[in-house]
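The values are calculated or read from the model by the stated rules, or taken from the named source; none is laboratory data. All of these numbers come straight from a predicted model, not from anything done at the bench. So basically every Cβ, Gly included, is an ideal-geometry build from the backbone, and we count neighbours across all protein chains shown. Ligands, DNA and RNA are stripped out before the accessible areas are found, and what is left, the full protein with its side chains, is counted by its heavy atoms. Shrake-Rupley method; radii C 1.70, N 1.55, O 1.52, S 1.80 Å.
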Amino acid sequence: MFALRWLAAGILVVSLCAALWRLARRRDSGSRFQGALARYAAHPSAVIALAVLIVLYCVAAFAPWLASHDPIEILAPSLVNHAPSATFVFGTDYAGRDVFSRVLYGARLSLTVALLATLISVLIGTAYGVTAGFAGGALDAIMMRIVDAFLAIPRIVLLIAVGTLWSPLSVTSLVIVLGLTAWFATSRLVRAEVLSIKEREMVAAARALGARDLAIVRRHVLPNVLTPVLVAATLGVAGVIINEAALSFLGIGVPDPTPSLGNIIRDGTPYLASAWWVALFPGLALVITALAYNLAGDGLRDAMDPRQVDRS
Amino acid sequence: MRRLLASRLLQGIAVVWVVTTLTFVLLHLAPGDPYAFREGVPVAPEVLQHWRHVYCLDRPVSAQYVCYLRSVASGDLGYSLSQHRPVRDILIDYVPRTLELMFFGMLASFALGIALGVLEARRRGTFADWGSRGISLFFYSMPDFWLALMLALLFAYWLPIFPISGIENVIAAPTNSWWQRAGDHLRHLVLPVTTLMLMTCAGIARFQRAAMLDAMRLDFVVTARAKGVPEHAIAGHHVLRNALLPVITLAGITLPSLLGGAVLVELIFSWPGMGYITAMAVGSRDYALVTSSVLVTSVLVVLGTIAADVLYAIADPRVRAA
Amino acid sequence: MRPHRALPAIALLLLAACGGHDRNAATHPSTLVMSLPADADNLLPPLTTNETASQVGALMFEKLVEPGDALNTVGDAGFRPSLADSWTWSADSLSIAFHLDPKAHWHDGVPVRANDVVYSFRVNASKDVGSPVGPLIAIVDSVTARDSLTPVFWFHARSPEQFYNAGSQIRILPAHLLQSIPDSALKTAPFGRQPVGSGPYRFARWVSGSSIELDADTTFHRGRPKVDRLIWSITPSPDAAILRLFSGEANFTEYLRPQDVAQLARHPELKAVHHPALQVFYMLLNERAANGRSPHPIFGDREVRRALTMAVDRRRAVNTVLDSLTPVAAGPFSSAFWSYDSTLPRLPYAPDSARAILDRRGWVMGPDGVRHKNGVALHFTILAPSTSTVRQQMAVLLQDMFKQVGAKVDIERVDFAAFNGRQQAHQFEAALVGMGLDPTPSGIQQEWTTQAARANGPSNAGKYESAQFDAYVDSAVRAMDPAKAKSYYHQAYATIIEDAPAIWLYESSLVSGMSTHVQPATMRADMWFVHLADWTVGDGAATSGSGSVALAASAH
């Protein structure tokens, strides 16, 4: 019964991938977007990464439907620390909970948190970078010094400090905190783009014609900034996922009994020798997700910037 | 050169000042009073007295900020309520061990990263290139604590050749000769350093590869090739030297990520350094320790970046002349 | 190009390969290496409740007398001489004169004298110092020095355990090194990190976060200890501590969990030793609200506490987290006490009754599955120490069981020191407490009486107050006839069980893991480490692998 659900999900995902592939294959020229897509499709690793990501997000979205058990439900005591079997695909943990279902729900939570946090960081970073770039002079210098300072602090150390001082964190606060600590590199990128655009004639011309700064931002800056920001964001999601897992591992991330990939690993650490499956599978899930994001981000970077010399 | 050093130092001080302000803001915004009876641990009266004086607790926030800056500048980083001693004493004990880990970690990461980058550039497009890039990216995408756990599992149960915890063999330590102790110490370093190295080498390798490919296109290289100089000599003398320069600047970027990785790696391998203390401070809600950790790591990063810049200036005559 | 660059790396690797295993085992004195997951904070006994510090302190500092292994604390028959050779009672039993062993001396050479005892008593009774045994020595009026070797303890009334409280609660400290330091400054004195005692072991070194080492005092007045070195090997977590035992870096760890015992079976060089431990674990309920004065909206109601107890299937919880051999606790006492009997009442596992009671008390079930009363939700937080895997797992199981009767529970984890601190400051709602019991049933007085609640000290953190209970306990403690005392204890126990100030979970005996070379002496139920000086390590030599005994202290 539950195998049928997986079959249905699989068909859905495969059809999605096929559609994307067809779109990429279409050689007719036209928009820059289609050119970029074609370049992206030329990297097999990037395509596989994108497919994996689609699969992951579909699985995460359909988690309640695909999970074999309730992720929080504590099963009979005799089923504690059971090895993987037909009923419990990834085995059970110390409380007798199904690890497979927990990993599904955990992945769902971790992926959602990472996506939302990255969104927040992109918004903040872009706004900050635009402001600094346009402001120029002393304000720009001060703003960038502040960013330098934040970049000098290892992110996990800052997260630990905030997480400890505001313990315990709810999931919402966790998203906000992760977002607030991830925007620094983005702001630098955006500011650099703004500075380069400021030089260009079209902006000078627009200014001469009386266009206001905000309009310039909207029409010239944002479209050009979109590319590097998108690349940075994709690569950044991988980092946010790992940081959230680290925080949950330390106990200051997602609270019990809600599963998150990090706290499932924490649950499995005391039993590393005897019940290694509890720590192994969520870790693999994390690696696959981060790897997929990294490869996709790389592919995106190579695809979207035709000016870059082909290094491959 | 002197101007470079001066300007970098000034920038560094500015950065440290901003970070200090940040920790002050965090301490005061956080719920609960950082200077009071936190977690029910009674604070000794003379310690409270000391705080009232040093941190100007009876005065308005702006005065407290100035006092805080002054105390940090003089090296007083607060009092740890979980270890019952000044943070400075704790740091004196634990920071050197992290510095040691960082030193070997940087060494190993750069050694492997540069080697991989060179390999990938020379064998561009072949299986060696793809394979190396793939594997290093695989390790780069791993959470540091999970990699550490898997290595600990491997070396604890299946391949017990390296110790998975501690900094020394406590039994033998007092009676060992200095080189036995050094060797013992190194053995205990192997696993934490390997974890850090595997995670960081991908970024360095990729950078080095790109730098090598760029350098290979330079005019004088093309000329040398045309003159018939053998390939490996070109790679060795001309390309590598030019390509090594950009990698030095990478030190400034890899140091924060190494220090961050050190937190969980030190915890899992029981390496009692700054990161270990930070991770333990989470459980005891020790405000002073977590904020000091933010400060200390940023100072380390600033110092490391300045060192990298100076190194670059020494290595690149073009910069020095400027 | 390649080979010469590899040279430094090869050299480093060679160096690494050479260090490590010390081939000459005979050059090493016999060593006990204990792996444990908690660093000490301060080694001066009156200043710390840290378990590691207590163990280290027990081997560096002596008491006047020690209880015998049977733990008979009534009268003076069950005691052995320690710092004191002998003692004399006054005719009216209102004073006891101890005679110090003239051979006893401090590790710096100065002989132990009566004014050391006078000083130690004063420091432990001082409010500024806040020693954990302060309330226990309250029945002692004063201590004077009759001559340089005879401290005298004075009491205002007789009691069955006056000898125990006088001679066996405080550890004697060197007055000549400490009396110049004001009491309030003791906490920051360097002595706490480099102590000098009179016990069988002297302080060697303390490497923060890594190890604490003591060396045998060959001139100890009761004979040279058999083990030459004691090392406490510190790790960040219980798992790492156990791992050190399995890898041979330690040869003793105090606490093995059920899964570790199974793992140990695969190591023929290790053995598991069961020994009694006077420990009771329970979920303490704070009967006061956050402001400390008004009753807690949930736990202030006796019926609700009883209902919550009935919602928990204690046997199943203990079976899941531990094993079926671990007994469910009946109350804040050990089933090994002479005051215990099996006819005591027990609140059953009856979730339906629990729900009925909650309904009756006005806790109405809401649509989200959580009960409400007067706008307050049946929502509370369980505090658990992160150093104890068992208690954390227990918390998760309890959370689920409470959910079945409509209570929403959060779990908060803090490390052991913070956990103790929160308890002492009454900053918790429910806490999973592990109580090391005194070897005498009269210890219940210290922890559960109204006087303890009113004292605002570390005891009776849940503020349980019952005049009836106080009366029974008082009678039991004063009764000189054991049969009468036992019946009074029965009444007291029954009262506290019915009042349910805590949900009694389990009693644990300890299973320790050690190398087969280690021969432990008797592991006394309240302090297994008290006879460490009499342990032996098999062949007498230690290598870097097995052969040394590592003591593990764990805040499990």
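Among residues of segment B:1-29 that are more than 9 Å from every other protein chain (Cβ to nearest Cβ), those with a Cβ under 6 angstrom from a residue that is buried (at least 16 other Cβ atoms within 10 Å of the Cβ) and not hydrophobic (A, V, I, L, M, F, W, C), sequence gap 6+ or separate chain, pair up as B:Arg8/B:Asp309; B:Phe24/B:Tyr65; B:Phe24/B:Tyr68. Scanning segment A:219-235 for residues that are open to solvent by less than 20 Å² (accessible area, probe 1.4 Å) and out of contact with any Leu (no Cβ under 9 Å at 6 or more places or on another chain) returns a single hit, A:Val221. Going through segment A:83-105 one residue at a time, which ones are within 13 Å of another protein chain (Cβ to nearest Cβ) and at negative phi? Within segment A:83-105, A:Thr92, A:Asp93, A:Tyr94, A:Ala95, A:Arg97, A:Arg102 meet the criteria. Of the helices (runs of 4 or more DSSP H) lying entirely inside segment C:150-248, those containing at least 3 residues that are within 30 Å of A:Gly251 (Cα to Cα) and open to solvent by less than 20 Å² (accessible area, probe 1.4 Å) are C:238-247.
Taken over segment C:460-489, the residue count meeting the criterion of being touching a Phe, Trp or Tyr at 6+ places or on another chain (Cβ under 8 Å) and surrounded by fewer than 19 Cβ atoms within 10 Å (Cβ to Cβ) is 4. Of the conditions (1) at pLDDT 90 or above; (2) crowded, with 24+ Cβ neighbours inside 10 Å; (3) farther than 21 Å from A:Ala185 by Cβ, A:Asn243 fails just one. Which one is it? Tallying (1) at pLDDT 90 or above; (2) crowded, with 24+ Cβ neighbours inside 10 Å; (3) farther than 21 Å from A:Ala185 by Cβ, A:Asn243 fails exactly one: (3). Checking each residue in segment C:90-108 for being open to solvent by less than 60 Å² (accessible area, probe 1.4 Å) and either among the small types (Gly, Ala, Ser) or part of a loop (DSSP other than H, G, I, E, B) (or both) picks out C:Ser90, C:Ser93, C:Leu94, C:Ser95, C:Ala97, C:Asp101, C:Ala104, C:Trp106, C:His107.
Listed by first and then second residue, the pairs linking a residue in segment A:153-167 that is at the interface with chain B (Cβ under 7 Å from one of its Cβ atoms) to a residue that is of a type in the set (Asp, Glu) and open to solvent by 10 Å² or more (accessible area, probe 1.4 Å), with Cβ atoms under 9 Å apart and 6 or more places separating them unless they lie on different chains, are A:Ile156/B:Asp144; A:Ser167/C:Glu412.
Of the set (1) within 12 Å of chain A (Cβ to nearest Cβ); (2) part of a loop (DSSP other than H, G, I, E, B); (3) open to solvent by 30 Å² or more (accessible area, probe 1.4 Å); (4) on the phi < 0 side of the Ramachandran plot, all apply to B:Met142 but (3).
If C:Met394 satisfies all but one of (1) modelled with pLDDT under 90; (2) open to solvent by less than 30 Å² (accessible area, probe 1.4 Å), what's the number of the condition it fails? Unmet for C:Met394, out of (1) modelled with pLDDT under 90; (2) open to solvent by less than 30 Å² (accessible area, probe 1.4 Å): (1).
Taking the criterion of being at the interface with chain B (Cβ under 9 Å from one of its Cβ atoms) and more than 12 Å from B:Asp144 (Cα to Cα), the residues of segment A:242-254 that qualify are A:Leu250, A:Gly251, A:Ile252. Residue check: B:Glu100 meets all listed conditions (1) more than 20 Å from the chain's Cα centre (by Cα); (2) within 21 Å of B:Gly260 (Cα to Cα) but one, namely (1). For segment B:116-128, the candidate set comprises residues that are touching a residue at least 12 places away in the same chain (Cβ under 8 Å), in a helix (DSSP H, G or I) and out of contact with any Leu (no Cβ under 6 Å at 6 or more places or on another chain); within that set, the residue that is most open to solvent (accessible area, probe 1.4 Å) is B:Arg122.
As a summary of the residue check, B:Ile90 satisfies the conditions (1) under 30 Å from B:Ser298 (Cα atoms); (2) more than 12 Å from chain A (Cβ to nearest Cβ); (3) open to solvent by 20 Å² or more (accessible area, probe 1.4 Å); (4) part of a helix (DSSP H, G or I) except for the one numbered (3). Please determine, by comparing only the residues of segment C:521-539 that are open to solvent by 40 Å² or more (accessible area, probe 1.4 Å) and either part of a loop (DSSP other than H, G, I, E, B) or touching a helix residue (DSSP H, G or I) at 6+ places or on another chain (Cβ under 6 Å) (or both), which one is modelled with the lowest pLDDT. The extreme case among them is C:Asp539.
When segment B:264-280 is examined, which residues are found to be in contact (Cβ under 8 Å) with a residue 24 or more places away in the chain, assigned to a helix (DSSP H, G or I) and touching a helix residue (DSSP H, G or I) at 6+ places or on another chain (Cβ under 7 Å)?
B:Leu264, B:Val265, B:Glu266, B:Leu267, B:Ile268, B:Met274, B:Gly275, B:Tyr276, B:Ile277
Can you work out which of the residues in segment A:272-312 that are among the hydroxyl-bearing types (Ser, Thr, Tyr) and open to solvent by 30 Å² or more (accessible area, probe 1.4 Å) is modelled with the lowest pLDDT? Only one residue fits best here, namely A:Ser312. Scanning segment B:155-175 for residues being farther than 21 Å from C:Pro236 by Cα and at the interface with another protein chain (Cβ under 7 Å from one of its Cβ atoms) gives a total of 2. Flag not set for B:Leu107, criterion: modelled with pLDDT of 85 or more, buried (at least 17 other Cβ atoms within 10 Å of the Cβ), within 13 Å of another protein chain (Cβ to nearest Cβ) and not in a loop (DSSP other than H, G, I, E, B).
Considering segment B:146-202, and only residues there that are of a type in the set (Ser, Thr, Tyr) and under 30 Å from C:Leu214 (Cβ atoms), the residue that is most open to solvent (accessible area, probe 1.4 Å) turns out to be B:Thr175.
Results for (1) hydroxyl-bearing (Ser, Thr, Tyr); (2) open to solvent by less than 40 Å² (accessible area, probe 1.4 Å); (3) under 18 Å from C:Asp438 (Cα atoms), shown as yes or no for each residue.
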{"residue": "C:Thr31", "(1), (2), (3)": "yes, yes, no"}
{"residue": "C:Ser35", "(1), (2), (3)": "yes, yes, no"}
{"residue": "C:Asn72", "(1), (2), (3)": "no, no, yes"}
{"residue": "C:Ser82", "(1), (2), (3)": "yes, yes, no"}
{"residue": "C:Val110", "(1), (2), (3)": "no, no, no"}
{"residue": "C:Arg122", "(1), (2), (3)": "no, no, no"}
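Among the residues of segment B:65-77, are any under 23 Å from B:Pro272 (Cβ atoms) and crowded, with 19+ Cβ neighbours inside 10 Å? Yes, segment B:65-77 has at least one match. Anything in segment A:153-188 that is among the small types (Gly, Ala, Ser) and either on the phi > 0 side of the Ramachandran plot or over 16 Å from the mean Cα position of the chain (by Cα) (or both)? List them, or say none. Within segment A:153-188, A:Ala161, A:Gly163, A:Ser167, A:Ser170, A:Ser173, A:Ser187 qualify. Which of the residues spanning segment A:139-151 are facing chain B (nearest Cβ under 9 Å) and open to solvent by 10 Å² or more (accessible area, probe 1.4 Å)? Hits for segment A:139-151 are A:Arg145, A:Ile146, A:Asp148, A:Phe150, A:Leu151. Among residues of segment C:347-371 that are within 11 Å of C:Met310 (Cα to Cα), those with a beta-carbon under 7 Å from a residue that is open to solvent by 50 Å² or more (accessible area, probe 1.4 Å) at least six positions away or on a different chain give the pairs C:Pro351/C:Gln404.
In this structure, does C:Ile411 turn out to be touching a helix residue (DSSP H, G or I) at 6+ places or on another chain (Cβ under 9 Å), surrounded by 24 or more Cβ atoms within 10 Å (Cβ to Cβ) and β-branched (Val, Ile, Thr)? Criteria not met by C:Ile411.
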